[in-house]
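Have a look at the structure below, then the notes.
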Amino acid sequence: MTFGNTILEQCAVLGAISEDPQVLTRTYLTPAHRRAADVIAGWMRGAGMDAHVDALGNVVGRYAGATPNAPVLITGSHMDSVVDAGRYDGLFGVLSGIAAVGELNRRGVRRPFAIEVVAFADEEGVRFGFSMIGSKALAGAFDTGWLARRDAAGVTLASALATFGGDADAIPDLARDPRRVLAFVESHIEQGPVLLDGGHALGVVTAIAGASRVRVTVNGLAGHAGTTPMPGRKDALAAAAAMILAIEAHASERAATLVATVGKLAVAGGGAINVIPGAVEFTIDVRSGDDATRHAAVIALRERCEAIAATRGVTLGWDVVFELAAAPCDPRLQDAFARAIAAQGLAPVRLPSGAGHDAMEMARLAPIGMLFVRCGNGGISHNPLETMTADDADVATRALVSFLEHLDPATLRH
Ligand SMILES: [Zn+2]
């Protein structure tokens, strides 16, 4: 039995633990969360770890280091899911970590650092509308005011936590001492097609992309669709359409470092078939692994949209509504993952992560590293069509074992 087959079987077991019998949906503090947490804790114990479910519902397994006071390296990912999810997003990083520690345990390897595998309770943020609750708590960034947040049914986080068997009073104690944490590393399916298209099973993540989100308003002049001649119209929707294509073109010219998406578009009042659209609102989401590239892009996109607005006689409103800095992966951890990949006979390619991950929060605490694993089906994720092969799960876990076995903690002192 390879690591890969075991992990895929475990993904199938956990994939059946859902709050919806038809599809996989496992959100925070539900009975499905509890059942899955208990199963994961059992597997951690089977791999030679002490395991418990913490005050917020994270599952934490600990494999002691060679000395009692050794610092800790934390690995893992999340155990919650989106609605109608795939099986591998998040869980792969948990199960691969458990398998890797199980292998070290089987061989009697103890490192000069303890290894903890964490299954974070909430990364996706489906239930309470804010994300990465588990990793925020470990990183010391949990705001107890969030306990009053309510889910769609009106249940507060505090009340859901009590029902689950958590302990709100103990949340501040979950925060780790940064001086004791050597690093955080996360294995995750890529959730995109880059490795698949390049023919690579594994990749080293260079940075988790930062994001800027802009709400754009275009104001023109509504008019009668039949009586207003074409010259001199101030059609807000036609102007927005030109802007959207310009945004796409700008990002396409810089596709190696940037992505930009217009995901929402609304004509004021819903629009009417016989009215020239007078006002339109749309959103832009810009992401890059490099903050300077992203900031420059937002400025350039605004200039292009303003130029289009001027040509078409409409006015532009531009509101940056969200900014998130990129989280660079530590170069020393990147190199250590590259060596671990090369040790499997594979080319250590590097790529940024366009999606957010728990590692972004854990970066407050310690240097971070990420290993990406190829997913199939065109890279689709957050969808039941999400796939990975047993061979890829296997080689990723062997690379993680090699990484854990050879990492020199002296190079990471921070
Ligand atoms: Zn994920």
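Every number here is computed from the coordinates shown, using simple stated rules; none is lab data. Remember, it's a predicted structure, so these values are computed and weren't measured experimentally. As a convention, Cβ positions derive from the backbone with ideal geometry for all residues, glycine included, and neighbour counts pool all protein chains shown.
Points to keep in mind about this one:
- Each principal axis of region 296-374 carries a Cα extent, and these read 60, 29, 19 Å when sorted largest first.
- Given their separation in residues at 0.36 nm each and the Cα-Cα distance between them, Ala342 and His382 gain 11.4 nm when the chain is fully extended.
- Fluctuation leader among Gly42, Gly129, Gly15 - the chain, Gaussian network, Cα springs under 10 angstrom: Gly129
- Those residues of region 207-226 whose amide nitrogen sits under 13 Å from the label point placed on Ser252, 7 Å along Cα→Cβ: none
- For Arg350, the amide hydrogen comes within under 5 Å of the amide hydrogens of Val204, counting only partners 5 or more places away or on other chains and with H modelled in the peptide plane.
- At most 14 other Cβ within 10 Å, DSSP loop - GluC sites (Glu not before Pro), region 85-167: none
- Residues Phe282, Phe130, sorted so that the one with the fewest Cβ neighbours within 10 Å comes first: Phe130, Phe282
- Sparsely packed trypsin sites (Lys or Arg not before Pro) within region 209-292, loop by DSSP, other Cβ within 10 Å at most 12: Lys264
- In this Cβ point-charge picture (+1 for Lys and Arg, -1 for Asp and Glu), region 210-324 has a dipole of about 240 debye about its Cα centre.
- P(r) histogram, all alpha-carbon pairs of region 1-45 included - 5 Å bins from 0, percent: 5, 23, 26, 24, 14, 7, 2
- Taking the chain and dividing mean pair separation by its residue count, relative contact order in percent (alpha carbons under 8 Å, at least six apart): 22 percent
- Residue of Thr217, Thr144, Thr311 that the Gaussian network model of the chain assigns the largest fluctuation, springs spanning Cα pairs under 10 Å: Thr311
- In the chain, Rg over Rh equals 1.04, where Rg is the alpha-carbon radius of gyration and Rh the Kirkwood radius from pairwise Cα distances.
- For the chain, the 222 nm mean residue ellipticity estimated from helices alone, with every DSSP H stretch of n ≥ 4 adding -39500 (n - 2.57) and the total spread over all residues, rounds to -10500 deg cm²/dmol.
- Debye, to nearest 20: dipole size of the chain, +1 on Lys, Arg Cβ, -1 on Asp, Glu Cβ: 460 debye
- Amide H contacts of Trp318 (H built 1.01 Å from N, under 5 Å, at least 5 apart or other chain): Thr217
- Amide H contacts of Gly223 (H built 1.01 Å from N, under 5 Å, at least 5 apart or other chain): Ile276
- Rounded to 0.05, the FRET efficiency of the Asn105 and Ala168 pair, given R0 = 41 Å and the Cβ-Cβ distance, is 0.75.
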